[in-house]
Amino acid sequence: MKVEVIVPAAGFGLRMGAKVPKPLINIGRQPILIHTLRALAKNKHVQRIIVAVNKENKRGFEKSLKRFHVDKSVELAEGGLTRGDSVANCLKRLRGDTDIVVVHDAVRPFVAARIIEKVIQEAKKSGAAIIGVPLKPTIKEVNSQREVVSTLPREKLWEAQTPQAFKKEILLKAYDKFVNARVTDDASLVEKLGIKVKVVEGSYFNIKITTPEDLVLGEAILKSLRVVGTAQCAVPTKIGNVA
Ligand code: C5P
């Protein structure tokens, strides 16, 4: 089975408000992107990783990739105006013999090896699979006057994360048909095709670094990992232990 991974990293980072692109901010001693790429590169099926980056920031990404070794072939593609545009640009570069395409946000550095493998295997079986976790908070729909419109039934709600994995033909078809649809993940486009998407239970450690407080959480998660300095294992060593 041949797998290629697409990593959208061309966001504008408006919610982070930093000068450097978010994936290049360090957590521990290395950029968020490098944690992410090293985790993905460990998977034995992965042949190549295609990273979408903004033209203006390309040099910064190149420098980072030169400085920190990633154990798989990594190629840069041009990012787009939306996340979907960035993924679409990467899809054009896929190899003919690729069976499964995995899409994973550049800014989710704590993805565990076990989770990557599980979502790939589920996509191989069912065609489309995502990682998700049951929602912990209560979610309200709120209107423009900040009034609650409804309370959504939490038992049915899961937070969608990445990695998301698809048989190549399915993802290509979804992007071909709905490329201009404004969605926030890739599975939404596959759902629009009427194809069932399986949810594989993931981990609450697989956070998306979005705002400055996520950096604080990120540092804490990194410290709690068994192998400090790498993001291969999203299982804390100390939580629950009595000193
Ligand atoms: O902004 P959002 O939370 O959807 O970003 C998720 C991922 O998509 C990030 O890794 C970000 O860099 C990437 N992205 C992109 N191109 C865009 C917008 C976001 O590659 N135009």
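The values are calculated or read from the model by the stated rules, or taken from the named source; none is laboratory data. What you see is a predicted model; the values in this text were computed from it and never measured. Here the Cβ positions follow ideal geometry from the backbone for every residue, glycine too, while neighbour counts run over all protein chains shown. With ligands, DNA and RNA removed, areas are computed over all heavy atoms of the protein, side chains included. Shrake-Rupley method; radii C 1.70, N 1.55, O 1.52, S 1.80 Å.
The numbered conditions (1) touching a residue at least 24 places away in the same chain (Cβ under 8 Å); (2) in a loop (DSSP other than H, G, I, E, B) are all true for G96 except (1).
A quick yes/no check of all residues on (1) modelled with pLDDT under 95; (2) crowded, with 16+ Cβ neighbours inside 10 Å; (3) acidic (D, E):
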position: A9; (1), (2), (3): no, yes, no
position: M16; (1), (2), (3): yes, yes, no
position: I27; (1), (2), (3): no, yes, no
position: Q30; (1), (2), (3): no, yes, no
position: A39; (1), (2), (3): no, yes, no
position: N43; (1), (2), (3): no, yes, no
position: E56; (1), (2), (3): yes, no, yes
position: R67; (1), (2), (3): no, no, no
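Looking at this structure, is A52 modelled with pLDDT of 95 or more, within 12 Å of the ligand (Cβ to nearest atom), in a strand (DSSP E or B) and surrounded by 16 or more Cβ atoms within 10 Å (Cβ to Cβ)? It is true that A52 is modelled with pLDDT of 95 or more, within 12 Å of the ligand (Cβ to nearest atom), in a strand (DSSP E or B) and surrounded by 16 or more Cβ atoms within 10 Å (Cβ to Cβ).
Counting just the residues of the stretch 64-85 that are under 16 Å from D176 (Cβ atoms) and part of a helix (DSSP H, G or I), which one comes out farthest from the chain's Cα centre (by Cα)? Checking each candidate, the answer is D85. Report yes if V228 is modelled with pLDDT under 95, within 16 Å of the ligand (Cβ to nearest atom) and out of contact with any strand residue (DSSP E or B) (no Cβ under 6 Å at 6 or more places or on another chain), otherwise no. Considered against the rule, which asks whether it is modelled with pLDDT under 95, within 16 Å of the ligand (Cβ to nearest atom) and out of contact with any strand residue (DSSP E or B) (no Cβ under 6 Å at 6 or more places or on another chain), V228 comes out as no.
Can you confirm whether the stretch 67-75 contains a residue that is under 25 Å from G132 (Cα atoms) and more than 9 Å from the ligand (Cβ to nearest atom)? Checking the stretch 67-75: not a single residue is under 25 Å from G132 (Cα atoms) and more than 9 Å from the ligand (Cβ to nearest atom). Scan the stretch 111-166 for residues that are in contact (Cβ under 8 Å) with a residue 24 or more places away in the chain and open to solvent by less than 70 Å² (accessible area, probe 1.4 Å) and the total you get is 27.
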